[in-house]
Amino acid sequence: MAPALSTTHVHAEEWSGEDVGVGDVVTALCRLRDESAHETEGPDLRTSVMNHLAWVPAEWEEAAVETLAGLEERHPSRGILLFPQPDAEDGIDAKISVLAFPLQEQRRHIAAEVIELRLRGSACRAPASIVNPLLVPALPVFLRWRGRPRFGEQYVDQLVEICDRLIVDSREWPDVPDAYSELPFERTACSDIAWRRTERWRRCLARMWPGIAELRKVRVEGPLAEATLLAGWLRSRLEREVELEQDDSETLSAVDVDGSACPVPREQPTSSALLSAELDEFGRDRVYEAAASAAVTF
Amino acid sequence: MTETQVAENPLLEGLGPRRTPDPCVLVIFGASGDLTRRKIFPALYALANRRLLPEKFAIVGTARSDLSDEEYRDRMEHAVREFGRDDFKEDVWRPLSEATHYVSLNFAEEMRGDKLIELLNRLDEERGTRGNRVYYLAVPPSAMQPIVEELGEHRTTEGWTRLIVEKPFGHDLESARELTAMGTRHFTEEEIFRIDHYLGKETVQNMLALRFANGIFEPIWSRQFIDHVQITVAETLGVEGRADYYERAGAIRDIFQNHMLQLVALTAMEPPIDFTADSVRNEKVKVLKAMRMPRPKDVVRGQYGPGFVEGREVPGYRDEEGVDPQSMTETYLAAKLYVDNWRWADTPFYVRTGKRLARRDTTIAIQFQRAPHPPFEDSATEELQPNLLLVHVQPDEGVSLAIGAKVPGQGLRIRTVNMDFMYGGAFRTELPEAYERLILDAMLGDQTLFTRSDEVEEQWSIVDAIVAGWARDRPAFPNYASGAWGPAAADELIQRDGREWLRH
């Protein structure tokens, strides 16, 4: 199982099991909540604002755990982390944590629930059937997909179907900008952390209006995902052909428009803060959709 | 982002409103005072820490004390370290400190504002603040007039001007009108920002969200379903070195005239057509205008004697330093108010505020009428209370709803249980301090959370009517012990109607 996701909780009740069924998970969760309530002077408050679902293939596990650390505290939720192991023997291993976080000036706590499921073998093929009984009803479902989702494959489409918002980071994708054409905009709201990283630059560029209205060429020093999204954004907003010149670098570090440097925005937020910001968003982002669609042609 | 802005600049679409004000200079009068140290500078630091201040920005502190820029910056650094809600970070403080200047001035004696004007003009050139000014008057009302006159006469010809005024806005209706007239001789109402810091509290604003963003409450938010409303603003503190001010103000001017009546207005107001400053304030004014002038028997005043608060023995009000030993200043006020309109006719609003009470607690309690005919045996429902919606403004910010539920087991017994929504439980970000929100709003020119002159005048009309009744009697003060919930007469006020104060 992954290491503990938070360091700020005051107490945690945990349960784990191998080769378990969904029913075992639900029963254990109820029991843990009950036990957690006995640790304090009253029941921990469950003020969930969402279901936070994450699909984390093995190669992303370490990065995912780092990003998710502390998120339950910021966004009280039921977190369901799915670790697919398609080549392993069929079965589900589970670990559940009920984490209690302090409430300022109070003796009571709020509880966040994290369910980690290792989906082995055929369990990877029908993740929605496992997740559905575990969702808190009537709360939005945010699905963070680590790596490149294989849109069109059944297990991906199943999860996309049950989520209200799909959050990806196209910087993790090896095949941008072509991959943007596969984003399921018509089926669910989509967020892209790479797009979020461009936000400060977009604000700076917006301040260059109207001088930027006749823009012909943008040079971006940064990863391909951010570069193509920025250029796609300029194309779609300005409704004109904009040429892109990209110099690869680890982070988005410079943008020139027709030879004029865009002022470097203030510091970039952390990956946790970027994901956290996406979890505050609801509804479709039409500007992103247009930018991603325009980026495909670069 | 407005539609017009987006139409003019297509790159703005989807970027959302960024609450960063225009470049400006913030000038603080009363810059060496307690308010500046405890509230204003820590708020400015918190805004800087969140990068919410404009990049082109400067602060000028002015007061009588003879201080250099460096000395003033040192003092403010200590204030931020002591009273700030964030950890102190050198890289946040340094640019804020470098943007901070100090001018020693005494407006009351003679006009020595030239050096202030010179500094402001220089800052415009050096920092690109474009003549935009926010003047923060953190001074007593007596010191306001010469400052406002001078500022009015030396207005910049370019840029905008905003004047932040701290309460009290006068001490009665007449003086409030004089203050308004003085202010509006030189500034428009749109340029004057009267701070009632309660309106900057997140949970006070949440009252608007609770009422107008939830379809379930508004249909039952009326005399038809609500038995009565109780609003409590209880403090455990005494006068805390503010005897000079408090002796003249008392509970009625310190809390009732502003915070309390604002809470009543927010609770009773009709839904505004939008959330613009004037729409919200128009609705609040209607409530204040509809408020029936309370009769003397509907108002109880009190003054605390010695007692124990939170296990500590504390002196009575008359024994506090700086207080007249025969003082007749009230430290407690309870009243039964009515809002005479279609929605609230005959629905009492019981309000109480006081110092040295049993607990620090600001709460709005909406008590609904009992279920008309519970089909259970009397013994089953003897522990059942009417439904109660409690809005906790401070501390423990949140909302609780008391509902009846069956006690598990054989038979049918019903008990009242609380469903709690704790603000900090759902939104795990620290709530901003009221002053952060209000200073930022003033810089942005958003007056929604500031009090308009007609609101202030309506509030004073109610206060004047109550105070006029007090001229005819002389209660036996002190009449409640520190650590109690107020005088016995306050209990009688509500018990006469067959109701009880809630012990939250």
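The values are calculated or read from the model by the stated rules, or taken from the named source; none is laboratory data. These figures come from a predicted structure and were not determined experimentally. Backbone-built Cβ (ideal geometry, glycine too); neighbour counts: all protein chains shown. For the accessible areas, the whole protein counts, side chains as well, though only heavy atoms, and no ligand, DNA or RNA atoms are used. Shrake-Rupley method; radii C 1.70, N 1.55, O 1.52, S 1.80 Å.
Overview of results
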read-out: Listing of helices (runs of 4 or more DSSP H) fully contained in region A:220-298 that carry 3 or more residues being surrounded by fewer than 23 Cβ atoms within 10 Å (Cβ to Cβ) and more than 11 Å from chain B (Cβ to nearest Cβ); value: A:271-279
read-out: Residue list for region B:217-238, restricted to those being buried (at least 22 other Cβ atoms within 10 Å of the Cβ) and closer than 25 Å to B:GLU313 by Cβ; value: B:THR232, B:VAL233, B:GLY238
read-out: Conditions (1) closer than 24 Å to B:THR20 by Cβ; (2) assigned to a helix (DSSP H, G or I); (3) over 31 Å from the mean Cα position of the chain (by Cα): number failed by B:ARG130; value: (2)
read-out: Residue in region A:81-101 that is farthest from the other protein chains (Cβ to nearest Cβ), counting only those that are more than 16 Å from A:LEU32 (Cβ to Cβ), open to solvent by 20 Å² or more (accessible area, probe 1.4 Å) and part of a strand (DSSP E or B); value: A:GLN85
read-out: Cβ pairs under 6 Å, 6+ apart, first in region A:198-220 and under 15 Å from B:GLU13 (Cβ atoms), second open to solvent by 30 Å² or more (accessible area, probe 1.4 Å) and outside any loop (DSSP other than H, G, I, E, B); value: A:ALA206/B:LEU12
read-out: A:GLY211 being out of contact with any Leu (no Cβ under 6 Å at 6 or more places or on another chain), open to solvent by 70 Å² or more (accessible area, probe 1.4 Å) and either over 18 Å from A:ALA179 (Cβ atoms) or not hydroxyl-bearing (Ser, Thr, Tyr) (or both); value: yes
read-out: Sole exception among (1) at negative phi; (2) under 27 Å from the mean Cα position of the chain (by Cα); (3) at pLDDT below 95 for B:ARG81, by number; value: (3)
read-out: Hey, A:SER293 of a type outside the set (Asp, Glu) and within 25 Å of the chain's Cα centre (by Cα) or not; value: yes
read-out: Any hit, region A:45-56, residues being closer than 27 Å to A:GLY23 by Cβ, open to solvent by less than 20 Å² (accessible area, probe 1.4 Å), in contact with a His (Cβ under 8 Å, 6 or more places away or on another chain) and at pLDDT below 65; value: yes
read-out: The one condition in (1) under 23 Å from B:LEU210 (Cα atoms); (2) within 14 Å of chain A (Cβ to nearest Cβ) that B:ARG359 fails to fulfil; value: (1)
read-out: Yes/no for B:LEU116 being under 21 Å from B:VAL463 (Cβ atoms), buried (at least 16 other Cβ atoms within 10 Å of the Cβ) and in contact (Cβ under 8 Å) with a residue 12 or more places away in the chain; value: no
read-out: Every residue from region B:416-428 that is within 14 Å of chain A (Cβ to nearest Cβ) and either open to solvent by less than 50 Å² (accessible area, probe 1.4 Å) or modelled with pLDDT under 75 (or both); value: B:ASP420, B:MET422, B:TYR423, B:GLY424, B:GLY425, B:ALA426, B:PHE427, B:ARG428
read-out: Among (1) surrounded by fewer than 21 Cβ atoms within 10 Å (Cβ to Cβ); (2) in a helix (DSSP H, G or I); (3) touching a Leu at 6+ places or on another chain (Cβ under 6 Å); (4) not β-branched (Val, Ile, Thr) - the single one A:GLU161 does not satisfy; value: (3)
read-out: Among (1) among the basic types (Lys, Arg); (2) at pLDDT 80 or above; (3) buried (at least 17 other Cβ atoms within 10 Å of the Cβ), the one test that B:ARG413 misses; value: (2)
read-out: Cross-chain or 6+ apart pairs with Cβ under 9 Å, region B:429-447 first and within 14 Å of chain A (Cβ to nearest Cβ), then β-branched (Val, Ile, Thr) and buried (at least 18 other Cβ atoms within 10 Å of the Cβ); value: B:LEU431/B:THR203
read-out: Single match in B:ARG253, B:ARG318, B:ARG292 (criterion: touching a His at 6+ places or on another chain (Cβ under 8 Å) and either open to solvent by 10 Å² or more (accessible area, probe 1.4 Å) or within 26 Å of B:ALA476 (Cα to Cα) (or both)); value: B:ARG253
read-out: Conditions (1) assigned to a strand (DSSP E or B); (2) under 30 Å from A:GLU182 (Cα atoms); (3) over 19 Å from the mean Cα position of the chain (by Cα); (4) at pLDDT below 90: number failed by A:ARG78; value: (3)
read-out: Those helices (runs of 4 or more DSSP H) lying entirely in region B:6-101 with at least 1 residues β-branched (Val, Ile, Thr) and within 14 Å of another protein chain (Cβ to nearest Cβ); value: B:90-98
read-out: Matching residues in region A:202-219 - criterion: being charged (D, E, K, R) and either more than 9 Å from chain B (Cβ to nearest Cβ) or outside any loop (DSSP other than H, G, I, E, B) (or both); value: A:ARG202, A:ARG203, A:GLU214, A:ARG216, A:LYS217, A:ARG219
read-out: Condition check for B:LEU151: buried (at least 16 other Cβ atoms within 10 Å of the Cβ), at pLDDT below 90 and in contact with a helix residue (DSSP H, G or I) (Cβ under 9 Å, 6 or more places away or on another chain); value: yes
read-out: Subset of region B:381-397 [more than 17 Å from B:VAL229 (Cα to Cα) and in contact with a Phe, Trp or Tyr (Cβ under 7 Å, 6 or more places away or on another chain)]; value: B:GLU397
read-out: Criterion violated by A:GLY232 - all others in (1) out of contact with any strand residue (DSSP E or B) (no Cβ under 7 Å at 6 or more places or on another chain); (2) modelled with pLDDT under 95 satisfied; value: (2)
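Table: residues versus (1) under 24 Å from A:ALA123 (Cβ atoms); (2) modelled with pLDDT of 95 or more.
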position: A:PRO137; (1), (2): yes, no
position: A:VAL141; (1), (2): yes, no
position: A:PRO149; (1), (2): yes, yes
position: A:GLN154; (1), (2): yes, no
position: A:ILE162; (1), (2): yes, no
position: A:ASP175; (1), (2): no, yes
position: A:ASP178; (1), (2): no, yes
position: A:GLU182; (1), (2): no, yes
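Matching residues to (1) in a helix (DSSP H, G or I); (2) under 19 Å from the mean Cα position of the chain (by Cα):
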| position | (1), (2) |
| --- | --- |
| B:GLU270 | no, no |
| B:ASP278 | yes, yes |
| B:VAL285 | yes, yes |
| B:PRO294 | no, no |
| B:LYS297 | yes, no |
| B:ARG301 | no, no |
| B:PHE308 | no, no |
